[in-house]
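To start, the structure under review is shown below, and the notes come after it.
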Amino acid sequence: MNALLLLALSAAAPGPVRVASKTFTESVIIGELVTEVLERRGIPARHLRDLGGTRVVWDALVRGDVDVYPEYTGTLAEEIFAGRVRPDALGPALAAAGVELGPPLGFENGYALGMREEVAERLGIRRISDLRAHPGLRFGFSSEFIDRADGWRALQRAYGLPQTQVRGLEHELAYRGLRSGALDVVDLYSTDPEIQAEHLRVLEDDLHHFPEYRAVLLVRADLERRVPGARAALETLRDRIDARAMIAMNARARLDRVPEVTVAGEFLRSRIDGAATGPAPEPPGRARRILARLGEHLTLVAISLAMSIVVAVPLGVLAARRRRIGQAVLAAVGVVQTIPSLALLVLMIPLLGIGTRPAIAALFLYGLLPIVRNTHAGLVGIAPDLRESADALGLPPLFRLLRVELPLASPSILAGVKTSAVIAVGTATLGALVGAGGFGQPILTGIRLADTGLLLEGALPAAALALGVEAGFNGLERWVVPRGLRLRSEEPP
């Protein structure tokens, strides 16, 4: 009876609150703040960081894949609702999507355009409209800013700007281009610490194109019902972060290279009443982080590779046995391989949500072609006299396949599996974009913070894992490939 009671209680217990953040530092810091205030109230929480752009995270919230994430009122009005809703009348539109406007955080982070002070002064540029007189200036904007409804194209139309040299790149990387002189104008967030640190000139939005971007939390409408007390915990952040504090936190993370979780903890201890006191908990060391990412990465690769083998080997057999069907099978898996990996991963999100499932599905599809093709080639390449010998013995078709043909084709099949495994190790780094973890997480963070150490923390173990997988399959060949075939392949030509 006690066991049944405990089982019922565990089944009724709510899962962790899923906090999401976009792929820029400020969003990640706020995500860490939200996660910690929930946990300090005894509410389990999980931070899915660096999930992608606005649409990816918004769609995840509407689908119920995440419960809360930080957003900006101008982005909601102009990007999500395409200008159909005023920033001060978002409530009904959000409610229709099963979302509530959570507490405002107390600061605004608007878009702006910026230049190096000396360049702007030399050219006499103080306002965005002044850019019309300089068509040769090189613009570099974040990819989201280029495509969003209130971004570059709308700005270009509003001001009649003639510039055509516009590059899309990561927001933090644009500052490198500005610093090196490769770019002249970039998009800024008003809370970027680089504005002061690098003495940039923020151009006046003299036509008032950009709306107000007040920072708020967006919350699933059913969160409080599922997790009682979660909304009260979020309310502790209401109007507690002013612009100066947010700029300081961004500077700690981006300029001083302090982990976002540490930055969030420092703020809560110093600025939020009732926060826990005492020294900050030590963040996990590099070795511990790598081991955790290794487990996540291996899970993605192992599950997707197993699925690919189970599906691809029968498809390869079918392709070898039925020539017309085989051509269609090979063409189909070949087409999948031509889809860019990032695009395929994003295409999986509407079907499977975020997390490990879309990543595994994309890796599974990418793993099909090498195994199907090599299984087909191995079976088709069996010498005719060996087939005739099997026919002469009167072996049943299934027995002949399992005991004669597949063993003879095993070197080719294993080579295809090895190729798929190595591809999966590399491609799995993109899984971090949908919350699947793995070695892609430190790579993304390292790119975002221009931190080579973090980038290598993901890239080097991923490369080592790929080499280890290849070596492992070379060893596996001794167990899978019949000894006679191995000896024949090892003979000198």
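The values are calculated or read from the model by the stated rules, or taken from the named source; none is laboratory data. Predicted, not measured: the structure shown is a model, and the values here were computed from it. When we count neighbours, we look across all protein chains shown, and the Cβ atoms used for this are built from the backbone with ideal geometry, even at glycine.
So for the range 143-162 (the condition being more than 26 Å from I447 (Cα to Cα) and touching a Pro at 6+ places or on another chain (Cβ under 6 Å)), does at least one residue qualify? Checked against the condition, which is being more than 26 Å from I447 (Cα to Cα) and touching a Pro at 6+ places or on another chain (Cβ under 6 Å), the range 143-162 yields at least one hit. Taking the range 284-363 as the region of interest, the helices (runs of 4 or more DSSP H) fully inside it that hold 1 or more residues being in contact with a Gly (Cβ under 8 Å, 6 or more places away or on another chain) and closer than 30 Å to P259 by Cα are 286-321, 341-352. For the range 431-455, filtering for residues that are part of a helix (DSSP H, G or I) and buried (at least 24 other Cβ atoms within 10 Å of the Cβ) leaves 6. The set of residues in the range 115-141 that are within 35 Å of the chain's Cα centre (by Cα) and either in a loop (DSSP other than H, G, I, E, B) or free of Cβ contacts under 8 Å to residues at least 60 places away in the same chain (or both) comprises G136, L137, R138, F139, G140, F141. Here L330, L291, L300, L305 are screened, and the one residue that is more than 26 Å from A464 (Cβ to Cβ) and of a type in the set (A, V, I, L, M, F, W, C) is L330. Is it the case, given these coordinates, that E144 is outside any helix (DSSP H, G or I), at pLDDT below 95 and within 24 Å of H47 (Cα to Cα)? No, not satisfied. Please specify each residue of the range 323-351 satisfying the condition of being touching a residue at least 40 places away in the same chain (Cβ under 8 Å), among the hydrophobic types (A, V, I, L, M, F, W, C) and exposed (fewer than 15 other Cβ atoms within 10 Å of the Cβ). Result: L342, single match.
Condition check for Y175 on (1) buried (at least 19 other Cβ atoms within 10 Å of the Cβ); (2) in a helix (DSSP H, G or I); (3) in the same structural domain as F267 (by TED's automatic domain parsing): one failure, at (3). If the condition is being surrounded by fewer than 19 Cβ atoms within 10 Å (Cβ to Cβ), touching a Lys or Arg at 6+ places or on another chain (Cβ under 9 Å) and not charged (D, E, K, R), then the range 63-109 contributes G64, P87, A93, G98, P103, P104, G106. Within the range 153-172, the set of residues being surrounded by 15 or more Cβ atoms within 10 Å (Cβ to Cβ) and either aromatic (F, W, Y) or in a helix (DSSP H, G or I) (or both) comprises A154, L155, Q156, A158, Y159, H171, E172.
Taking the criterion of being of a type in the set (S, T, Y) and under 16 Å from the mean Cα position of the chain (by Cα), the residues of the range 15-56 that qualify are S21, T23, T25, S27, T54. The condition of being part of a strand (DSSP E or B) and in contact (Cβ under 8 Å) with a residue 12 or more places away in the chain holds for E71. Would you mind stating whether E117 is assigned by TED's automatic domain parsing to the domain that holds E198 and either of a type in the set (V, I, T) or exposed (fewer than 14 other Cβ atoms within 10 Å of the Cβ) (or both)? Considered against the rule, which asks whether it is assigned by TED's automatic domain parsing to the domain that holds E198 and either of a type in the set (V, I, T) or exposed (fewer than 14 other Cβ atoms within 10 Å of the Cβ) (or both), E117 comes out as yes.
A112 meets the conditions (1) among the hydrophobic types (A, V, I, L, M, F, W, C); (2) under 21 Å from V37 (Cβ atoms); (3) in contact (Cβ under 8 Å) with a residue 40 or more places away in the chain in every case but one. The failed one is (2).
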